[in-house]
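Worksheet for the structure shown next.
The values are calculated or read from the model by the stated rules, or taken from the named source; none is laboratory data. No experiment lies behind these values; they were computed from the predicted model shown. Methodologically, a virtual Cβ is constructed for each residue, glycine included, from the backbone with ideal geometry; neighbour enumeration extends over all protein chains shown. These area figures cover heavy atoms from the full protein model, side chains too; ligands, DNA and RNA do not enter into them. Shrake-Rupley method; radii C 1.70, N 1.55, O 1.52, S 1.80 Å.
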Amino acid sequence: MVSVVSKKLRDAIASRKPEHVEYLRVSIIDTLGRVLSTDYSIMHPTEPVDCIDRERSDFKESRIKPGRISRFKKLVIDESRIPPDR
């Protein structure tokens with residue numbers, strides 16, 4: 001899954017100085033090829049942590065890759081699975 005974030009959200013997250021996250025700038029282009037905005041980025045966790053509480057979350061699994069989540073209705077994080085340095 002790819003997370004495209006606004007400049008405002010990127011700056012808010014970056015201000016907390018998280019480790020293992022990189023931001024890849026992207027441009028939003030309309031159907032005529034005109035650049036509408038360059039203020040967005042792909043937020044890419046380079047070392048993701050599996051901390052989803054699958055019992056309390058509401059999601060659909062991928063039909064293509066069983067076991068993988070394709071979309072959420074409700075995401076619940078199990079904070080006990082997050083390492084202290086994160």
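Which ones in the range 10-51 are free of Cβ contacts under 8 Å to residues at least 24 places away in the same chain and on the phi > 0 side of the Ramachandran plot?
Those that are free of Cβ contacts under 8 Å to residues at least 24 places away in the same chain and on the phi > 0 side of the Ramachandran plot: 17, 33.
Please work out which residue is surrounded by the most Cβ atoms within 10 Å (Cβ to Cβ), limiting yourself to the range 72-84 and to residues that are among the β-branched types (Val, Ile, Thr) and assigned to a loop (DSSP other than H, G, I, E, B). Working first, answer last.
Start the filter on the range 72-84 by keeping residues that are among the β-branched types (Val, Ile, Thr), which leaves 76-77, 82.
Within this subset, residues satisfying the condition of being assigned to a loop (DSSP other than H, G, I, E, B) are 76, 82.
Details: 76: 15, 82: 12.
That would be 76.
Could you please give the count of residues in the range 1-40 that are open to solvent by 80 Å² or more (accessible area, probe 1.4 Å), of a type in the set (Lys, Arg) and in contact with a strand residue (DSSP E or B) (Cβ under 9 Å, 6 or more places away or on another chain)?
Result for the range 1-40: 3.
Please find, within the range 45-71, the residue that is nearest to residue 21 (Cα to Cα) out of those that are open to solvent by 70 Å² or more (accessible area, probe 1.4 Å), outside any loop (DSSP other than H, G, I, E, B) and at pLDDT below 95.
71
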